[in-house]
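S.K.: Encoded as structure tokens, here's the structure I'll be asking about.
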Amino acid sequence: MIRKVKGTRDILPPETTLWNDVERTALRIFGGFGYSEIRLPLLEPTELFVRTVGEGTDIVSKEMYTFADRKGRSLTLRPEGTASVARAFIENGLGQRPQPLRLSYFGPMFRYEKAQRGRYRQFSQIGIELLGAATPAADVEVIVALHTFLAELGFDDLIIALNNLGDPEDRERFIAGLKTELTPHRDELCGDCQRRWEENPLRILDCKVQRCRELVAETTPVADVVSEDAARHVAAVEAGLQEASIPVRRAPRLVRGLDYYLRTVFEVISPELGEDTVICGGGRYDRLISDLGGAAVPGVGFAIGEDRLVDVLPQSFKDRALEQRIVAVLPVGGAAAAQATSLARDLVLSGVTAHTEVTGRSLKACLKWATKMAASVAVILGESERADGVALIRDLDRGEQETVALGDVVARVAELLQARR
Ligand code: HAM
């Protein structure tokens, strides 16, 4: 048997219904805030991620699916969406459109990570990016949009953690100070942090090893060394969020795994999945587009891990999404088959889900099948009913049956389903 690639998933019905509903809700809420969908390639030149996400990051140094195509070009299956949005912004001259530009995206991303619950090698993100606004109000907007979306899904226990990474100059100063503070304990850091010391010292703050955590807890938080401008910016973001009644928690050690961030960074944590499996990550990236050769266009945004989000969806949302209103259309005898399909079409167009029996089962087997399919109502088209221009409608939950003129079937089914809600 051929098995799926490690770290990939088959998402089966009815779970796909949840995914569809989550995506529909995202389109409605983010669309409502003015974000229009952009569809981007899954394949990008490797250099795009090296220059944006950063060479020293885990993503670029060890997690990318990179290969040479038939002409020897180095391509990468995208590990994230923001770099592609920045590339597309420059390449399509999106700076010519009214600014700021609000974009949303969905879709699969690829990272060669250790596969476990909530961590996959192919996973999906839902993201938004607000390009062309450097104000704290822009950061507030994306976090308000995020919060609105999550609240609409029924979440009420998620934690938004926020930090100030300062500007790149501040960060250099911070890293130098961090190293000075940690130097006496350098030997006590774990093997990964020894490597991070050279390649990406900021990530030492993110280490999960107990001793590293203890050492980091003694160091000066990054927010304490940022410029006045950066401090004012993030303070204004916090004030704006407070005004919008969105609770956020300052997380002084929060850093993100991508190099392009500055000033505001944030994550959403679910109590169920814990701090190592965050639901959403985002922040400000004012130099990303200019670093790629574009104009000085600031940006802020986030991406939600859809796999993780669906994993912890509130029961109320799941119940609503999975609520089924199925009608089984059951032709008995070969002659009724075509009639069954056109009746099913009328039912579908009236907004119900109609499953038609197409394997030629006996009436008894048909009814058994309808129950298994969780149908609430069955429409039975038998030979004698056909001759009389009627159908039998059976309420499968109550076991009641009635004869209805063919022309009235759609309306009667609608009534029965309505009564069930
Ligand atoms: P990120 O934190 O690398 O940020 O990813 C965002 C979210 O994607 C994570 O919070 C997580 O929920 C999900 N995710 C990441 N890796 C995996 C995985 N292996 N399996 C399942 N889910 C995963 C970014 O990608 C940025 N582009 C976000 C952003 C947009 N920043 C500004 N705009």
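S.K.: Which condition from (1) in contact with a helix residue (DSSP H, G or I) (Cβ under 8 Å, 6 or more places away or on another chain); (2) part of a helix (DSSP H, G or I); (3) within 30 Å of THR135 (Cβ to Cβ); (4) not assigned by TED's automatic domain parsing to the domain that holds ALA138 is the one that ARG211 breaks?
M.R.: Here ARG211 clears every test but (3).
S.K.: Identify, please: which residue in the range 94-108 is of a type outside the set (S, T, N, Q) and touching a residue at least 60 places away in the same chain (Cβ under 8 Å) and is, among those, farthest from the ligand (Cβ to nearest atom)?
M.R.: Top of the filtered list is GLY95.
S.K.: Among the residues of the range 217-237, is any over 21 Å from ASP167 (Cβ atoms), open to solvent by 20 Å² or more (accessible area, probe 1.4 Å) and not small (Gly, Ala, Ser)?
M.R.: Scanning the range 217-237, I find at least one residue that is over 21 Å from ASP167 (Cβ atoms), open to solvent by 20 Å² or more (accessible area, probe 1.4 Å) and not small (Gly, Ala, Ser), so the answer is yes.
S.K.: Only one residue in GLU267, GLU275 is within 16 Å of the ligand (Cβ to nearest atom), among the acidic types (Asp, Glu), assigned by TED's automatic domain parsing to the domain that holds ARG117 and in a strand (DSSP E or B), so which one is that?
M.R.: GLU267
S.K.: With PHE110, PHE106, PHE67 as the choices, which residue is over 14 Å from LEU130 (Cα atoms), among the aromatic types (Phe, Trp, Tyr) and touching a Phe, Trp or Tyr at 6+ places or on another chain (Cβ under 6 Å)?
M.R.: PHE110
S.K.: Can I ask one more? Looking at (1) in contact (Cβ under 8 Å) with a residue 40 or more places away in the chain; (2) exposed (fewer than 14 other Cβ atoms within 10 Å of the Cβ); (3) more than 16 Å from the ligand (Cβ to nearest atom), which is the only condition GLU198 fails?
M.R.: Here GLU198 meets the rest and fails (1).
S.K.: Name every residue in the range 49-64 that is open to solvent by 60 Å² or more (accessible area, probe 1.4 Å) and modelled with pLDDT of 95 or more, in order of residue number.
M.R.: ARG51
S.K.: I would also like to ask the following. Take ASP157 and decide whether it is among the charged types (D, E, K, R) and in contact with a Pro (Cβ under 9 Å, 6 or more places away or on another chain).
M.R.: Yes: the conditions hold for ASP157.
S.K.: Shifting gears a bit: Does TYR112 count as in contact with a helix residue (DSSP H, G or I) (Cβ under 8 Å, 6 or more places away or on another chain), open to solvent by 60 Å² or more (accessible area, probe 1.4 Å) and within 13 Å of the ligand (Cβ to nearest atom)?
M.R.: Judged against the criteria, TYR112 is a match.
S.K.: Kindly indicate the residue of the range 278-318 that is small (Gly, Ala, Ser) and near the ligand (Cβ under 7 Å from one of its atoms) and also nearest to PHE89 (Cα to Cα) among those meeting that condition. Step through it out loud before you land on a result.
M.R.: Residues of the range 278-318 that are small (Gly, Ala, Ser), as a first pass: 281-283, 290, 293-296, 299, 301, 303, 305, 316.
Imposing the further condition that a residue be near the ligand (Cβ under 7 Å from one of its atoms) reduces the set to 281-283, 301, 303, 305.
Details: GLY281: 21, GLY282: 19, GLY283: 18, GLY301: 14, ALA303: 18, GLY305: 23 Å.
The selected residue is GLY301.
S.K.: Only one residue in THR25, THR46 is farther than 28 Å from GLY293 by Cβ, among the hydroxyl-bearing types (Ser, Thr, Tyr), modelled with pLDDT of 95 or more and away from the ligand (no atom under 15 Å from the Cβ), so which one is that? Before the answer, list the steps.
M.R.: On the way: THR46 fails: farther than 28 Å from GLY293 by Cβ.
On inspection, the qualifying residue turns out to be THR25.
S.K.: For the range 280-290, does any single residue satisfy the condition of being open to solvent by less than 40 Å² (accessible area, probe 1.4 Å), among the hydroxyl-bearing types (Ser, Thr, Tyr) and closer than 28 Å to GLY191 by Cα?
M.R.: Scanning the range 280-290 turns up no residue that is open to solvent by less than 40 Å² (accessible area, probe 1.4 Å), among the hydroxyl-bearing types (Ser, Thr, Tyr) and closer than 28 Å to GLY191 by Cα.
S.K.: Take ASP346 and decide whether it is open to solvent by 60 Å² or more (accessible area, probe 1.4 Å), within 16 Å of the ligand (Cβ to nearest atom) and not in a strand (DSSP E or B).
M.R.: Working: open to solvent by 60 Å² or more (accessible area, probe 1.4 Å): yes; within 16 Å of the ligand (Cβ to nearest atom): no; not in a strand (DSSP E or B): yes.
No: the conditions fail for ASP346.
S.K.: Additional query: Can you say whether LEU254 is outside any helix (DSSP H, G or I) and surrounded by fewer than 20 Cβ atoms within 10 Å (Cβ to Cβ), as far as the supplied structure shows?
M.R.: no
S.K.: Same structure, new question: Could you grab me the full set of residues in the range 115-143 that are open to solvent by 10 Å² or more (accessible area, probe 1.4 Å) and either closer than 16 Å to PHE266 by Cβ or away from the ligand (no atom under 12 Å from the Cβ) (or both)?
M.R.: GLN125, GLY132, ALA133, ALA134, THR135, PRO136, ALA137, VAL140, GLU141
S.K.: Continuing with this model, one more query. Given the residues ASP69, ASP156, which is the only one that is within 30 Å of ALA223 (Cα to Cα), acidic (Asp, Glu), away from the ligand (no atom under 13 Å from the Cβ) and open to solvent by 10 Å² or more (accessible area, probe 1.4 Å)? Can you show your working first?
M.R.: On the way: ASP69 fails: within 30 Å of ALA223 (Cα to Cα).
Exactly one of ASP69, ASP156 is within 30 Å of ALA223 (Cα to Cα), acidic (Asp, Glu), away from the ligand (no atom under 13 Å from the Cβ) and open to solvent by 10 Å² or more (accessible area, probe 1.4 Å), namely ASP156.
The values are calculated or read from the model by the stated rules, or taken from the named source; none is laboratory data. Not measured: the values here are computed from a predicted model. With ideal geometry, Cβ positions are generated from the backbone for all residues, glycine too; neighbour counts draw on all protein chains shown. Each accessible area value is taken on the protein alone, full model and side chains, heavy atoms only, with ligands, DNA and RNA left out. Shrake-Rupley method; radii C 1.70, N 1.55, O 1.52, S 1.80 Å.
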